[in-house]
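What follows is a set of notes on a single structure, which appears directly below.
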Amino acid sequence: MTQPFRIARGGQIDRSREIGFNFDGRTYRGHPGDTLASALLANGVRLVGRSFKYHRPRGILAAGAEEPNALIQLRRGNRTEPNIRATQIELFDGLECESQNRWPSLGFDLGAINSVFSGLFPAGFYYKTFMWPASYWLKYEAAIRRMAGMGRTAVEPDPDHYEHMHAHCDVLVIGSGPAGLMAARAAGRWGARVILCEDGPALGGSLLGERTAIEGKPAIDWVRSVEAELSGLPELRVLTRTTAFGYYDQNLITLVERVADHLPVPGPHQPRQRLWMVRARRVVLATGAIERPIVFADNDRPGIMLASAARTYTNRYGVKPGRRAVLLTNNDGAYATAFDLADAGVNIAGIVDVRPAPTGALPARARAAGMTVHAGHAVAISHGTNALTGVEIIQLNAAGDGFEGASRPLDCDVLAVSGGWNPAVHLFSQSQGKLRYDDRLAAFLPNQAAQPVTCAGAVAGHYSLAACLIDGAAAGASAAKAAGFGDGTPTAVPSVANEPEAPARTLWAIPRPAPGQGKRFVDFQNDVTVEDLALAKREGYRSVEHLKRYTTLGMGTDQGKTSNITGLAILSGIVGEPIPKVGTTTFRPPYTPVSFGAMVGPETGAHIDPVRHSAMHPWHVKAGARFVNAGLWKRPLFYPKPGETDQQAIDREVLNTRAKVGIVDVSTLGKIDIQGPDAVELLNRVYTNAWSKLEIGKSRYGLMLREDGIVFDDGTTTRLGPSHFLMTTTTVNAVRVMAWLEYWLQVQWPELKVYVASVTEQWAAAALAGPNARHVLADAVEGVDVSHAALPFMGYREGRIAGVPVRIFRISFSGELGFEVNAPADHGLAVWEALVKAGEKHGIMPYGMEALGTLRIEKGHVVGSELDGRTTPDDLGFAGMVSKTKDCLGKRSLSRPALMALDRKQLVGLMPLFKTEEIVRGSQLVANQNTRPPVPMEGMVTSNCYSATLGSSIALALVKNGRKRVGETLFAQSPLTGRSVAVKIVHHVMVDPEGARLRD
Amino acid sequence: MLLIDCPWCGPRDQREFNYGGDGTVVRPPDPSAATDEAWHDYIYIRDNPRGSHVELWQHNAGCRRWFKVRRDVVTHEMQGSAPIGRELPPKP
């Protein structure tokens, strides 16, 4: 027999089509419009998972986002996802899924042995048991994780793609139940830009699961008519299958739209999910309320569900949750479940109403229909193994903390429970709004808003349909008005029957029938019982936040949607303090779990960061360069020739540059154009050295400090005209130096008449270095004399190469005769090619970052590893570059005692005693390698390389008082590689210390 | 994610801005005359009152202007912004 629990008619499912799905290897049938949960119930599948700690059999408790038990491993392979709520999985043809947290099978689970020994697993069990020895924790954890299940993530890359969307609106309405629909319509009619966001696939919220009438017609007809009207409003956008999961500052709300989760696979170019970041002028929260269970012994058997869920499965999905039902309630509202189930053909075995004398209209109607109302009774315990077979009921005493008389059994396969409602205040609370506890409703309600937000309907404690409609209309109209649309007049509210409800009896937990009998679960997902809460209190955990962490109450994927409030109410009874004083734990985003895919959006793989290419990049590719990332830039590392090792390629590039000529792409250096009558003054203030006397057509090396005296950046700056300079920065600090100059000019020195503009991307740059550099340049350039006399060291001239106007700077980073050529970026490639061509007969070779690094280490030039945020000019041997006659940023700090200490680390060179031994970068330098720890640190290695020029490994290092220790032997210890290398301290300039080559 | 009111571009998302630190710090006008203590305070010491702060921000992905913002660091309420050289609205 197929779908034995499907009701013959009714519900919002497509009965004209049957679709197949697979759960735990078995095939079942369902209809479009089903959720996985409703389809499983239709097929009589009630056992859907095992609990986290005790491996108790669990069934479906709810029909919405609050579901704690029915967590499913959905799909297979690279699309599999763990912990998905069966109540929110839309059924599609061919859906494949598995239960979680069981081994070897759901029906026969070895982990259930935990339940037999549950006395060994009290609250805080893991903290108490697995602490010693501490080093074993990782091993325990692996075993516990395996037992605890919680599903598996996919191990292959996600084949789907995700989108991010930024949106602005006047009114964001969250929830499309009666209050949300009215709010959206009221705001929309005034012309406001509205976004209406609904978690489920269809608008209507609770109305979809009720048999209520609006204006004398089924509520669903009214929902359809509102939907039709909304679709005609041009400024209104409806987002279904969209969960609002986070509420942040200045009314930023994050939504996740499940664009294609209801399909077997997304369509071509269709994202699987879309993350929305919505800035709303006003927000209307119409998030409804979540029914809460009543706690009693063995309240977790499959077949025990929330009364509202039983009603929803019957009315919305046309599924009987069982054949014989008992209702356990403390309020009138749940009686509708009994009526709806009875009409669907379910035998009502009894209504257990904990109120001593339920005399309202609804109990009267139940009695008139022939149902037995057990007034003042409670369910003491349930029976069954893998599913519910019956309950014991017994008379409660007046206080609700004990029983009177004897128990009697009621056979049933479904128990519908209602302990009242908890308004879904999660988003309101995330928005920093304050809650208040309402004694009459025994619930936390929104109180003081901290942002422009209004709560409407059940979330505000207005549970009746009539109140929701009125509330929604008013909230929508006033939100529109506050956003500048309309006069705040709400739209007319449709007429509905209003059946008065008698008060509820506040009852959180029913006593056990006898000490030790049954388990009373407060939190199903984390297996937290009333007894665990009592134990935690005995052990001193009185704060609700501590209680949460110690017992795990309210943690996990459901974040305690059905358990938090009940848990803290029970705690309040245990500690003897009123509920508002105990308070709630903090509500944090996300409301329901959000996939990493949606969070990351399109920024994966090649799209994580933009890639910056210099104008010469195509040439480097053609020349076979190996590239390295320098920030976002791709820079050539070296240009290997066939058969060469990496080191051979680097050595060749270095030796060729020192012997003939090399060319390197330096386009990535930061370039800042500085203009204005106060440009010199700016340079004098930001650089340590003086700039007033720099002539037009000359460059100077400059050093920049932070205000705390630490070296920030260095580079050359060239005077192009009387009030026109070009500053260069290191590649890595290009952006920072620009913001730094802007800060000082705008915030501190607005009186300076200077403009700065970043021109890094506007100019391509190539550097020529080596004895033949001038020959190459002279052969390539037109219209300018580049002889030593016309273009001396640190000189600047303009000329043309390949017909392109270029800027020529005689500067050098390698210690060789060197020129830097800047060309407009669009022509950078042409100029580079012209230089390479002109260099052919002079033995030119391109060199990359490795050779560049080797050349500069040989010359003792500092870069990022030495400018590590701790070094002063004196540490780096630049004391002479700090002008004594003028002030500059950071200069005052240099005279602070800490920066003048005698044992500061200073820049030195290192050579190994055995030339081929590598001095590992990051090594600590110690004086004696055989000392027992702690060993005094003498310094550290900052840069290293193999110098083909010197035929030796070399390094730069920062060593305590290092300049006075030249000649001393130290040991470079590298804990990472386990190597210890004997090194000799040398002057940091290891090649051509006189600087003769670059001045010729 | 804050919504920051740039005095030139209007309210924009926080991701367009750089935070520039405490906007109340005053640089000693003549650093060489400042005592070690005064200079140390300027470099390192920042007040962190509960409530309203004056902050510097730069609209780095927009007009690149630095400006002042008054913000409550407890509630994250944005209490006004002003160009450098103009007064912020008073502390509420």
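For the stretch A:1-104, list the strands (runs of 3 or more DSSP E) that sit wholly inside it and hold at least 3 residues that are of a type in the set (Gly, Ala, Ser) and not assigned by TED's automatic domain parsing to the domain that holds residue A:265; which are they?
Working: elements: A:19-23, A:26-30, A:71-74, A:81-85, A:95-99.
Ranges flagged: none.
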Would the stretch B:34-56 turn up any residue that is within 12 Å of another protein chain (Cβ to nearest Cβ), of a type in the set (A, V, I, L, M, F, W, C) and closer than 30 Å to residue A:168 by Cα?
yes
Among the polar types (S, T, N, Q), more than 10 Å from chain A (Cβ to nearest Cβ), under 17 Å from residue B:3 (Cβ atoms) and surrounded by 14 or more Cβ atoms within 10 Å (Cβ to Cβ) - does that describe any residue in the stretch B:66-82?
yes
Exactly one of these conditions fails for residue A:423: (1) crowded, with 20+ Cβ neighbours inside 10 Å; (2) without any contact (Cβ under 8 Å) to a residue 40 or more places away in the chain. Give me its number.
(2)
When you check residue A:416 against the structure, is it more than 19 Å from residue A:572 (Cα to Cα) and buried (at least 24 other Cβ atoms within 10 Å of the Cβ), yes or no?
yes
Does any residue of the stretch A:308-320 turn out to be modelled with pLDDT of 95 or more, assigned to a strand (DSSP E or B), surrounded by 23 or more Cβ atoms within 10 Å (Cβ to Cβ) and in contact with a strand residue (DSSP E or B) (Cβ under 9 Å, 6 or more places away or on another chain)?
yes
Give all pairs with beta carbons closer than 7 Å in which a residue from the stretch A:727-755 that is at the interface with another protein chain (Cβ under 9 Å from one of its Cβ atoms) and free of Cβ contacts under 8 Å to residues at least 40 places away in the same chain meets a residue that is surrounded by fewer than 19 Cβ atoms within 10 Å (Cβ to Cβ) and part of a loop (DSSP other than H, G, I, E, B); count only pairs at least 6 apart in sequence or on separate chains.
A:739/B:60; A:742/B:64; A:746/B:65; A:746/B:84; A:747/B:84; A:748/B:27; A:750/B:84; A:750/B:85
Given the structure, is residue A:784 without any contact (Cβ under 8 Å) to a residue 60 or more places away in the chain and either surrounded by fewer than 22 Cβ atoms within 10 Å (Cβ to Cβ) or away from chain B (no Cβ under 14 Å) (or both)?
yes
Just checking, how many residues over the stretch A:594-625 are part of a helix (DSSP H, G or I) and free of Cβ contacts under 8 Å to residues at least 24 places away in the same chain?
7
Check on residue A:970, assigned to a strand (DSSP E or B), more than 21 Å from residue A:815 (Cα to Cα) and at pLDDT 95 or above
yes
Does residue A:879 count as hydrophobic (A, V, I, L, M, F, W, C), farther than 22 Å from residue A:617 by Cα and either within 14 Å of chain B (Cβ to nearest Cβ) or out of contact with any helix residue (DSSP H, G or I) (no Cβ under 8 Å at 6 or more places or on another chain) (or both)?
yes
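Here is a yes/no grid of residues against (1) charged (D, E, K, R); (2) in a strand (DSSP E or B); (3) surrounded by fewer than 19 Cβ atoms within 10 Å (Cβ to Cβ):
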site	(1), (2), (3)
A:641	yes, no, yes
A:652	yes, no, no
A:655	no, no, yes
A:662	no, yes, no
A:667	no, no, no
A:682	no, no, no
A:701	no, yes, yes
Identify, please: which residue in the stretch B:15-33 is at the interface with chain A (Cβ under 9 Å from one of its Cβ atoms) and polar (S, T, N, Q) and is, among those, farthest from the chain's Cα centre (by Cα)?
B:32
The condition from (1) surrounded by 12 or more Cβ atoms within 10 Å (Cβ to Cβ); (2) over 27 Å from residue A:755 (Cβ atoms) that residue B:12 misses is numbered (2)
Find all pairs meeting these conditions: Cβ atoms under 8 angstrom apart; at least six residues apart or on different chains; first residue within the stretch A:238-260 and within 9 Å of chain B (Cβ to nearest Cβ) and surrounded by fewer than 22 Cβ atoms within 10 Å (Cβ to Cβ); second residue part of a strand (DSSP E or B) and basic (Lys, Arg).
A:250/A:279; A:251/A:279; A:251/A:281; A:251/A:282; A:252/A:279
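Residue-wise test of (1) within 16 Å of residue A:236 (Cα to Cα); (2) outside any helix (DSSP H, G or I); (3) of a type in the set (Gly, Ala, Ser).
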| site | (1), (2), (3) |
| --- | --- |
| A:459 | no, no, no |
| A:468 | no, no, no |
| A:472 | no, no, yes |
| A:475 | no, no, yes |
| A:478 | no, no, yes |
| A:486 | yes, yes, yes |
| A:491 | no, yes, no |
| A:494 | no, yes, no |
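Conditions (1) under 26 Å from residue A:654 (Cβ atoms); (2) modelled with pLDDT of 95 or more; (3) acidic (Asp, Glu), marked per residue:
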position	(1), (2), (3)
A:920	yes, no, no
A:927	no, no, no
A:932	no, no, no
A:936	no, no, no
A:941	yes, yes, no
A:947	yes, yes, no
A:957	yes, yes, no
What number goes with the only condition from (1) hydrophobic (A, V, I, L, M, F, W, C); (2) surrounded by fewer than 14 Cβ atoms within 10 Å (Cβ to Cβ); (3) touching a residue at least 24 places away in the same chain (Cβ under 8 Å) that residue A:986 does not pass?
(2)
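The values are calculated or read from the model by the stated rules, or taken from the named source; none is laboratory data. All values reported here derive from a predicted model rather than from experimental measurement. Methodologically, a virtual Cβ is constructed for each residue, glycine included, from the backbone with ideal geometry; neighbour enumeration extends over all protein chains shown.
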